[in-house]
Each structure stands twice: as structure tokens, then as C-alpha cells.
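Undergrad: What follows is a structure written as C-alpha cells; I'll ask about it next.
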Amino acid sequence: MSVTRLFGIEHAVVQGPFGGGLSSVELAGVVSDAGGLGSFGAHHLEPAAITEVIGQLRARTSRPFNVNLWVDNHDADDAWLASDAFDAHVAALTPWFDELGVTPPQRPDHVVIPFIDQAAAVLDAAPPVFSFVFGVPDDGLLVACRERGIVTVGTATTVDEAVALDDAGVDAIVATGFEAGGHRVSWLRSAESSLTGTMALVPQVADAVSVPVIAAGGIADARGVAAAHALGADAVQVGTAFLATRESNTTDAHRALLGTPESAHTVLTRAFTGRLARGFPNRLQAELEASATGPAPYPFQHWLLGHLREEIVRQERTDLIALWAGQAAPLARLRSAADVFAALVASPHRA
């Protein structure tokens, strides 16, 4: 089945689901209204908030849309919170807490929202499409999605991951190359040992699976779309180009960096969340990587730095915040999401 028929869309373009509060209902709605698949990254939300967002998406657009979650949201057991390691990592971040005038947090009872609770909210609200990263849900959840008419989309960074998703029975697979911005969503092996580029990954995945393949990573204009289809992809997923739009929920300082010559320099780092992710290098990333303790494992590094985020944003400190971007960031332009979408579906000779 074609991707357009599977999703009920006109153009085989998926907006990347940004996590960490960078998604917006308006961005997803604009993309869906234009005939693509708008997406909302919801892994940071409580179940009630997921229900609310899905309701807002339904109110914003009558077209299909996608909600995204993280299957695996722990790299270290919560027992880690009771160890001396917690105090050591808080101490390592104390200079930044002091610099920003923020009181360091106390040890919490828990850090992340269980995936099973979030997935239950998705099932109840039944969005048209449910995508996920960092693994594959159990068979029961996939069966429940099929019973409710929810299209499921898994994400792979290697051929082995794509085959595992295909065997599990997902409806489509995103093959994401290491050029992509944000987290490297590997789950069978470490992210560092799963760094396959889009050009090498997509045709191998297309040959290995029986479901439609969506290419992601380094695609920011119609030339990238044409190349992805030539590699065997049935559709594309575009992140950074939509992150630069006025409708995304990122900061103005982040938008101002995207599309500049300086945006050509991105790094893969665990400094901001404890999981490997691609973004712009800055002072906090460099100093944390050079420190004796290094970043805490996910989700604790993400939780610790989350206590600084509000003040960092208020002070517009781009030297201290994660600014995600893919390797195609210099191709991004500050414009409307509708204009970005139109450029993606235009002839590559006119884009």
C-alpha cells in the first residue's frame, strides 16, 4: 500500500515529531491541511496532557495527523537516584545553577512518565497515526492499535532494527540516517555503533522490509525529497526545515541560527540529555564533555538540565541550551510552514 493511501494524505511528506516541547499544534495542523502528515512529539507529556493535545489537533485540522512517543525512556534504573552518583552530577552542574541563580533540585521519587501509561492515553484518544522511537511496543499494543484503526509507524537507525519492526507488524518504518537532528533513536545496539547515513540506510531498509519506508535525515528541500525516492523510499520525514518555521515551538534564538553558515557545524553529544543527539555545539556541551563526571545517564541528565531551561530561555543563553539541528540546517529558512511544505513538494529544479 502506498504511504499516501496508508495515511490518507495527498503528499508523501511527514513533518518530524519534535520532542521536548518543540512541537506545536499549529505546525502539525498546517502540514496536515497542506496534504502531508503533521506530527506532535508527546513523550514529555503526562497521559492527561496527551489526551488534551490529541483533542486540540482534531479541533485544528480535519486531516490525518501523527502523535509520537518514546518506547524506551530509561537508560538507568530509578535505583540510581538513591546512589552517590546523583549528588555527584548535581555538584558538577552547580556552577551553572549558581550562574543562572537557580536552586539545584532535590532527589525526586521518579523522573519519567511510564510509556505504558502514555500509550494507554494514545489508544483511548485514537489519533489517525501513532509513531514511536527507541524500540517496538509489545504485540498487545500493536494489536490494539489495529483494532482501533490507528496506523503504526516505527523508527529504525539500522537494517536490523527495521527488520525487527517489520516482523512485529508495524504499518510503516522511518529509516533515519545519522544526518538527522535531535536524538539518535537506536535501540538494538548503542547509538554510537548505529551511525549509518541516509544514503546507505534507505535502500538497504527498502530491500529488507515489506512495508512502506519513510526516509529521514538530511532532507530539507525538494532535491532531498527526489533523492530519497530514488533510493527506494516511499515518503520523507523532514525535521529541521520545519523547526525553523514560525509555527514551531522553538525559541527565536534557535530559529535565528538555523539557515546560517554557522549552522553547518553540528555535533553528536550526550551532554544535554544523556542520550546521543545532534545539535549545535556550545559552551555547556563542551564543558560537560570535558568534565570528570561527564553527563548523567538518560533520563537523569535531561531531568537535571530541565531545571535550568526556563531561566536559560528567559536570559536567551544559547551557550547553555540544547539547540537541535540536522546536517541540512544551512538549507533551512525562516518562513511559514506552508511555504516550506510547498517547496518540498515542488519540482527539485524549481525549489
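Undergrad: Quickly run through region 17-60 and pick out the residues that are closer than 19 Å to Leu344 by Cα, in contact with an Asp or Glu (Cβ under 7 Å, 6 or more places away or on another chain) and surrounded by fewer than 21 Cβ atoms within 10 Å (Cβ to Cβ). Give the steps one after another, and end with the answer.
TA: First, pick out the residues of region 17-60 that are closer than 19 Å to Leu344 by Cα: 17-18, 26-39.
Of the ones still in play, those that are also in contact with an Asp or Glu (Cβ under 7 Å, 6 or more places away or on another chain) are 26-27, 30, 35.
Glu26, Gly35, listed by residue number.
Undergrad: Among the listed residues Arg63, Arg5, which satisfies the condition of being basic (Lys, Arg) and touching a strand residue (DSSP E or B) at 6+ places or on another chain (Cβ under 9 Å)? Reasoning before the result, please.
TA: Details: Arg5 fails: touching a strand residue (DSSP E or B) at 6+ places or on another chain (Cβ under 9 Å).
After ruling out the rest, the residue left standing is Arg63.
Undergrad: Also, I was wondering about something else. Of everything in region 302-335 that's aliphatic (A, V, I, L, M) and in a helix (DSSP H, G or I), which residue is farthest from His74 (Cα to Cα)? Steps first, answer last, please.
TA: Here is the first cut: in region 302-335, the residues aliphatic (A, V, I, L, M) are 304-305, 308, 312-313, 320-323, 325, 328-329, 331-332, 334.
Narrowing the set further to residues that are in a helix (DSSP H, G or I) leaves 304-305, 308, 312-313, 329, 331.
Numbers: Leu304: 15, Leu305: 16, Leu308: 21, Ile312: 25, Val313: 26, Ala329: 29, Leu331: 34 Å.
So, considering only residues that are aliphatic (A, V, I, L, M) and in a helix (DSSP H, G or I), the one farthest from His74 (Cα to Cα) is Leu331.
Undergrad: Right, Val211: more than 25 Å from Leu323 (Cβ to Cβ) and in a strand (DSSP E or B) or not? Show your work before the answer.
TA: On the way: more than 25 Å from Leu323 (Cβ to Cβ): yes; in a strand (DSSP E or B): no.
The answer is no for Val211.
Undergrad: Let me ask another. Given the structure, is Gly232 open to solvent by less than 40 Å² (accessible area, probe 1.4 Å), touching a residue at least 40 places away in the same chain (Cβ under 8 Å) and in contact with a strand residue (DSSP E or B) (Cβ under 8 Å, 6 or more places away or on another chain)?
TA: Details: open to solvent by less than 40 Å² (accessible area, probe 1.4 Å): yes; touching a residue at least 40 places away in the same chain (Cβ under 8 Å): no; in contact with a strand residue (DSSP E or B) (Cβ under 8 Å, 6 or more places away or on another chain): yes.
Judged against the criteria, Gly232 is not a match.
Undergrad: Check Ala227, Ala241, Ala286, Ala206 and return the single one that is outside any loop (DSSP other than H, G, I, E, B), open to solvent by 40 Å² or more (accessible area, probe 1.4 Å) and over 30 Å from His110 (Cα atoms). First the steps, then the outcome.
TA: Numbers: Ala241 fails: open to solvent by 40 Å² or more (accessible area, probe 1.4 Å); Ala286 fails: over 30 Å from His110 (Cα atoms); Ala206 fails: open to solvent by 40 Å² or more (accessible area, probe 1.4 Å).
On inspection, the qualifying residue turns out to be Ala227.
Undergrad: Report, ordered by the first and then the second residue, all pairs with beta carbons closer than 6 Å, sequence separation of six or more or different chains, a first member in region 162-187 that is over 16 Å from Met199 (Cα atoms), and a second member that is open to solvent by 30 Å² or more (accessible area, probe 1.4 Å) and assigned to a helix (DSSP H, G or I).
TA: Listed by first residue and then by second, the contacts come to Val163/Ala208.
Undergrad: Continuing with the same structure: Just to be sure I understand, how many residues within region 245-283 are over 26 Å from Phe134 (Cα atoms), exposed (fewer than 14 other Cβ atoms within 10 Å of the Cβ) and not charged (D, E, K, R)?
TA: Looking only at that region, the number is 5.
Undergrad: Is it the case that region 106-123 has a residue that's of a type in the set (Val, Ile, Thr), under 24 Å from Gln301 (Cβ atoms) and open to solvent by 40 Å² or more (accessible area, probe 1.4 Å)? Quick ask: steps written out before the conclusion?
TA: Residues of region 106-123 that are of a type in the set (Val, Ile, Thr), as a first pass: 111-113, 116, 122.
From what is left, the residues that are under 24 Å from Gln301 (Cβ atoms) are 111-113, 116.
Those still in the list that are open to solvent by 40 Å² or more (accessible area, probe 1.4 Å) too: 116.
Among the residues of region 106-123, at least one is of a type in the set (Val, Ile, Thr), under 24 Å from Gln301 (Cβ atoms) and open to solvent by 40 Å² or more (accessible area, probe 1.4 Å), which makes the answer yes.
Undergrad: Do we have any residue at all in region 306-320 that's closer than 29 Å to Ile219 by Cβ and open to solvent by less than 40 Å² (accessible area, probe 1.4 Å)?
TA: No, region 306-320 contains no residue that is closer than 29 Å to Ile219 by Cβ and open to solvent by less than 40 Å² (accessible area, probe 1.4 Å).
Undergrad: So how many residues does region 291-301 have that are part of a helix (DSSP H, G or I) and either among the hydrophobic types (A, V, I, L, M, F, W, C) or free of Cβ contacts under 8 Å to residues at least 60 places away in the same chain (or both)? Spell out the reasoning first.
TA: Narrowing region 291-301 to residues part of a helix (DSSP H, G or I): 300-301.
Those left that are additionally either among the hydrophobic types (A, V, I, L, M, F, W, C) or free of Cβ contacts under 8 Å to residues at least 60 places away in the same chain (or both): 300.
The number of residues fulfilling the criteria is 1.
Undergrad: Tell me, please, whether a residue that is over 25 Å from Phe178 (Cβ atoms), without any contact (Cβ under 8 Å) to a residue 40 or more places away in the chain and either in contact with a Cys (Cβ under 9 Å, 6 or more places away or on another chain) or part of a helix (DSSP H, G or I) (or both) can be found in region 261-270.
TA: So in region 261-270, the residues over 25 Å from Phe178 (Cβ atoms) come out as none.
No - not one qualifying residue is present in region 261-270.
Undergrad: Conditions first: (1) in a helix (DSSP H, G or I); (2) at pLDDT 95 or above; (3) β-branched (Val, Ile, Thr). Thr273 passes all but one, so which condition is the exception?
TA: Evaluating Thr273 over (1) in a helix (DSSP H, G or I); (2) at pLDDT 95 or above; (3) β-branched (Val, Ile, Thr) leaves (1) as the failure.
Undergrad: Spot the failing condition for Gln106; the list is (1) in contact (Cβ under 8 Å) with a residue 12 or more places away in the chain; (2) out of contact with any strand residue (DSSP E or B) (no Cβ under 9 Å at 6 or more places or on another chain), and only one is missed.
TA: If we test Gln106 against (1) in contact (Cβ under 8 Å) with a residue 12 or more places away in the chain; (2) out of contact with any strand residue (DSSP E or B) (no Cβ under 9 Å at 6 or more places or on another chain), just (1) comes out false.
Undergrad: Residue by residue through region 14-73, note down the ones that are of a type in the set (Ser, Thr, Tyr) and assigned to a helix (DSSP H, G or I). So that I can check it myself, show each step before the final result.
TA: Our first condition is that a residue be of a type in the set (Ser, Thr, Tyr); within region 14-73, this holds for 23-24, 32, 39, 51, 61-62.
Result: Ser32, Thr51.
Undergrad: Test Phe65 against the stated conditions and say whether it is open to solvent by less than 20 Å² (accessible area, probe 1.4 Å) and in contact with a Cys (Cβ under 7 Å, 6 or more places away or on another chain).
TA: No: the conditions fail for Phe65.
The values are calculated or read from the model by the stated rules, or taken from the named source; none is laboratory data. Not measured: the values here are computed from a predicted model. Don't worry about glycine lacking a Cβ; one is built from the backbone with ideal geometry, like all the others, and counts go over all protein chains shown. All accessible areas refer to the heavy atoms of the entire protein, side chains included, with ligands and DNA or RNA removed. Shrake-Rupley method; radii C 1.70, N 1.55, O 1.52, S 1.80 Å.
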